[in-house]
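The values are calculated or read from the model by the stated rules, or taken from the named source; none is laboratory data. A quick note: this is a predicted structure, and the numbers were derived from the prediction, not measured. In case anyone asks, the SASA skips ligands and DNA or RNA and just uses the protein heavy atoms, side chains included. Shrake-Rupley method; radii C 1.70, N 1.55, O 1.52, S 1.80 Å.
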Amino acid sequence: MEAMDASAPTHIAHRDNHTHRDVNGGWLRPAVFGAMDGLVSNLALMTGVAGGAVSQQTIIITGLAGLAAGAFSMAAGEYTSVASQRELVLAELDVERRELRKHPKDELEELAALYESRGVEPKLAREVAKQLSKDPEQALEIHAREELGIDPSDLPSPMVAAVSSFGSFALGALLPVLPYLLGASQLWPAVLLALVGLFGCGAVVARVTARSWWFSGLRQLALGGAAAGVTYVLGALFGTAVG
């Protein structure tokens with residue numbers, strides 16, 4: 001009893017500390033890509049237009065139009081993508097459910113063979129498969145995890161993905177427009193705020209993925225800055241040619 005008591009704090013500490021991030025959620029990927037895409041695409045769009053020596057009003061309208069169009073496009077794309085993926089998974093689950101109902105013995109043997117391939121003794125593997133197969137829904141979940149690599153109870157939501165991508169894109173795309181809305185008449189405040197936002201987004205993503213925050217921030221800063229620089233030069237060239 002004393003040995004169990006002595007190990008209890010260690011066990012509890014391990015349980016409390018041994019947690020993992022949600023890597024299957026439907027909100028993280030679209031939110032991250034939405035914010036990055038909003039910042040980079042709208043910054044590049046605005047710098048490209050500004051390079052053509054247009055009016056301040058034109059730049060503001062361009063930025064707001066890019067924000068609205070991009071946000072709706074991102075939301076629609078994410079919804080369609082996640083919904084299609086979900087429908088495919090549900091169709092495959094229906095196939096597996098029918099197989100479990102029509103050929104329960106074959107499915108049991110298949111599950112037992114899978115455990116054997118992972119090093120479990122044949123007799124024990126069959127007993128485990130038999131126990132797990134008593135509940136049809138549990139059997140379906142086990143087969144889905146083992147054969148399809150999915151968790152039927154944790155499928156991403158198309159609506160969550162769409163709303164996440166819409167909001168994050170709009171927020172990211174708003175940054176380069178914001179200085180103009182507050183009265184700025186030159187491009188550099190918009191570029192500066194957008195680059196700070198890019199570094200911040202990269203650093204936040206690094207916090208989520210446990211990577212170096214400064215490296216991730218600088219990488220995103222460099223990519224966004226390069227995109228803005230290239231589009232500005234192209235805008236200037238096209239503006240001169242058209243003018």
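Please work out the average accessible area per residue across the stretch 146-190, using the 1.4 Å probe convention, and give it in Å². The partial results should precede the final answer.
Details: 2170 Å² over 45 residues.
For the stretch 146-190, the solvent-accessible area averages 48 Å² per residue.
For the stretch 57-102, take the alpha-carbon Rg, divide it by the Kirkwood Rh, and send me Rg/Rh. Display every interim value, and only then the final one.
Numbers: Rg = 19.8 Å, Rh = 13.4 Å.
Rg/Rh: 1.48.
Just the number, please: carbon plus sulfur as a percent of the accessible area of the stretch 166-230, 1.4 Å probe, no ligands or DNA/RNA counted. Please list the in-between numbers first.
On the way: 2650 of 3480 Å².
The computed percentage sits at 76.
State the Kirkwood hydrodynamic radius of the stretch 118-243 in Å, one decimal place, computed from all pairs of distinct Cα atoms.
Answer for the stretch 118-243: a Kirkwood hydrodynamic radius of 19.6 Å.
What are the ³J(HN,Hα) couplings of the stretch 34-41, residue after residue, when phi is run through the Karplus curve with 6.51, -1.76, 1.60 and θ = phi - 60°? Round to Hz, x for glycine and proline.
x, 5, 4, 5, x, 5, 5, 5
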